[in-house]
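Read through the structure below, which is laid out as structure tokens, and then see the notes.
The values are calculated or read from the model by the stated rules, or taken from the named source; none is laboratory data. This one's a predicted model, so the numbers in the text were calculated from it and none came from an experiment. Cβ atoms come from the backbone with ideal geometry, glycine included; neighbour counts cover every protein chain shown.
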Amino acid sequence: MSLVALWVFWVSSAAAVSPTGYFWHITDVHWDPDYRVTDNPLAVCPSASEPVKNPGKWGSYLCDSPWTLINSSIYAMKDIFPNPNFIIWTGDDTPHIPNEKLSEEAVLRMVGNVSQLIQQAFPDTKVYAAMGNHDIHPKSQFPATGHVIYNRTAELWAQWLDSASIPTFHKGAFYTEKLLHREGQRMIILNTNLYYKSNALTEYLSDPAGQFQWFDDILSRASTAGEKVYIIGHVPPGFFEKKRGTHWFQEHFNKRYIEIVKKHSQVIAGQFFGHQHRDSFKIFYSNDGSPVSAMFIAPAVTPWKTTLAGLRDGSQNPGIRLFEYNTDTLQILDMVTYYLNLTFANTWTPRWEKEYRLTESFQVPDATVESMQTVLDKISWDKHHLQKYYEYNSVSYDLGECNEWCRIDHVCAIKDVDYGSYKTCIMSEGISKINEMWLLLWLSVLLSPLLFPYY
């Protein structure tokens, strides 16, 4: 065999046993079954907070998703990468409408329809699914003692759940399984809606449904067994970068979550969440300040404009995300976000396209926590990378400038998941900016006679 042939054989063999795998992350589809295209701006969708002008077949930036958009997103996944190793789906299937317009049956019908769509598009693919705060009735009110919707949702997801997952799902909608039944790898699916600040049923509990103790125990066993773990959930800890001071967990729950992640960071290979409708990430640090774990927050399918007061523009383009990972170590190698420009879709035709690849856009070798720290450093100190990140944050919808105050909000939300640390970050960064402004003002006053002498 010639040297060239030997080299070709070696490369082909190496490719055949490459430990690279792929998985999709989809979240926050928020189906609005009453969306319709009409000239009446008050009758387009009940999920809008203001009159809707010029709605299109594929949706409106003011509304939750029509079925056409949800169907398009799932089949875009199928067209772009039809054979992923698995899919993670982090919840929220119902529209942003008052509880009085929904019911348990309506919620289950919507969750069931979206589940069936994913099952039809990916009949042989394992799906790890977490419930979102809109996947119960009344919304966000997840009890710590079981619920009929927990039981019925487990039935809807029966083809995805191992039998051993059913008891904890019935108890509190959380579970764990070996990742694709492989030794040394594990998936933990949390119900972080139990910690949501809007959940009045668990506000004064220390450990709703015993999930924290269970979480800690599972990670301890994973460490003993030499496993690596992925963690998924809907509501993330920490703060929302688009609205200063807005957090999702009750503070005591936030503190406990951080403690567990820091304690078991050596076995955690990645955390994947939704809820925010924005593309962002968070970094957890050890007590000595070293980055130890990264959390990836995926953008939503819904383009819905948030009703949070004070946001300049709360809409976004629909997005889906494909992760590349090492199937031996679970190390995250890269991620690619695909999006639908809703304006283009409604004007011409729907076209799901690559928005960005992490390693290309931020010049990092992979998506490990060390690389995500590098991304944060670039966002913190380089205006070009900050602006790039800011545009990706809304899935290329808000292309306005991210100024210094905007930078502070984003950077502090990424690096300070702890409430006290976040407040310190906002204060110190803000004081630095104010001092800088005063210094510039003082210098301008001092130098003005020299630069503009009187005659």
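For region 176-222, the set of residues classified as of a type in the set (K, R) and over 30 Å from Y325 (Cα atoms) consists of K197 only.
Matching residues to (1) modelled with pLDDT of 95 or more; (2) among the β-branched types (V, I, T); (3) in contact with a helix residue (DSSP H, G or I) (Cβ under 6 Å, 6 or more places away or on another chain):
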| site | (1), (2), (3) |
| --- | --- |
| I87 | yes, yes, no |
| D92 | yes, no, no |
| N99 | yes, no, no |
| E105 | yes, no, no |
| R109 | yes, no, no |
| V114 | yes, yes, no |
| A130 | yes, no, no |
| N133 | yes, no, yes |
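Residues that are within 20 Å of I283 (Cα to Cα) and surrounded by fewer than 17 Cβ atoms within 10 Å (Cβ to Cβ) within region 381-399 comprise W381, D382, listed in sequence order.
Here's the yes/no breakdown for (1) part of a loop (DSSP other than H, G, I, E, B); (2) polar (S, T, N, Q); (3) over 30 Å from S265 (Cα atoms):
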| residue | (1), (2), (3) |
| --- | --- |
| P299 | yes, no, no |
| S315 | yes, yes, yes |
| S361 | no, yes, no |
| T374 | no, yes, no |
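Scanning region 273-323 for residues that are of a type in the set (A, V, I, L, M) and under 21 Å from F249 (Cβ atoms) yields I283, V292, A294, M295, I297, A298, A300, L308, A309, L311. Does P82 meet the test of being surrounded by fewer than 16 Cβ atoms within 10 Å (Cβ to Cβ) and under 17 Å from F23 (Cβ atoms)? In short, yes.
The residues of region 211-236 that are of a type in the set (G, A, S) and in contact (Cβ under 8 Å) with a residue 60 or more places away in the chain amount to a single one, G233. Just one residue in the set D288, D313, D377 is in contact with an Asp or Glu (Cβ under 9 Å, 6 or more places away or on another chain) and among the acidic types (D, E); that residue is D313.
For a quick check of your reading of the model, give me the residue pairs whose first member lies in region 145-160 and is surrounded by fewer than 14 Cβ atoms within 10 Å (Cβ to Cβ), whose second is at pLDDT 95 or above and among the β-branched types (V, I, T), with beta-carbon atoms closer than 9 Å and at least 6 apart or on different chains. Between residues of region 145-160 that are surrounded by fewer than 14 Cβ atoms within 10 Å (Cβ to Cβ) and residues that are at pLDDT 95 or above and among the β-branched types (V, I, T), the close pairs are A158/I166; Q159/V127. Within the set F296, F215, F281, the sole residue that is aromatic (F, W, Y), touching a helix residue (DSSP H, G or I) at 6+ places or on another chain (Cβ under 8 Å) and closer than 30 Å to L69 by Cα turns out to be F281. Taking every residue in region 26-47 that is part of a loop (DSSP other than H, G, I, E, B) and aromatic (F, W, Y) and pairing it with any residue that is modelled with pLDDT of 95 or more and surrounded by 16 or more Cβ atoms within 10 Å (Cβ to Cβ), at least 6 positions away or on another chain, the pairs with Cβ-Cβ distances below 6 Å are Y35/C45; Y35/C63; Y35/P66.
The single condition among (1) under 19 Å from H277 (Cβ atoms); (2) of a type in the set (A, V, I, L, M); (3) touching a residue at least 40 places away in the same chain (Cβ under 8 Å); (4) not in a helix (DSSP H, G or I) that L330 does not meet is (1). Candidates in region 85-104 are the residues that are under 20 Å from I232 (Cβ atoms) and touching a His at 6+ places or on another chain (Cβ under 6 Å); of these, the one that is surrounded by the fewest Cβ atoms within 10 Å (Cβ to Cβ) is I88. Each residue in region 307-329 was checked for being within 19 Å of F239 (Cα to Cα) and either aromatic (F, W, Y) or surrounded by fewer than 20 Cβ atoms within 10 Å (Cβ to Cβ) (or both), and 7 of them qualify. Just one of the listed residues (V301, V267) is touching a residue at least 24 places away in the same chain (Cβ under 8 Å), among the aliphatic types (A, V, I, L, M) and over 27 Å from Y338 (Cβ atoms), and it is V267.
Applying the criterion of being of a type in the set (S, T, Y) and touching a Ser or Thr at 6+ places or on another chain (Cβ under 8 Å) to the residues of region 1-50, the residue that is modelled with the lowest pLDDT is S49.
For region 299-345, give me each residue that is of a type in the set (S, T, N, Q), at pLDDT below 95 and more than 16 Å from the chain's Cα centre (by Cα). Selection gives T307 alone.
Every residue, every condition in (1) surrounded by 22 or more Cβ atoms within 10 Å (Cβ to Cβ); (2) not in a strand (DSSP E or B), yes or no:
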| site | (1), (2) |
| --- | --- |
| T224 | no, yes |
| P237 | yes, yes |
| F253 | yes, yes |
| I258 | no, yes |
| K262 | no, yes |
| F284 | yes, no |
| V292 | no, no |
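Residues that are within 25 Å of Q159 (Cβ to Cβ), out of contact with any Cys (no Cβ under 8 Å at 6 or more places or on another chain), of a type outside the set (A, V, I, L, M, F, W, C) and buried (at least 24 other Cβ atoms within 10 Å of the Cβ) do occur in region 49-65, at least one of them.
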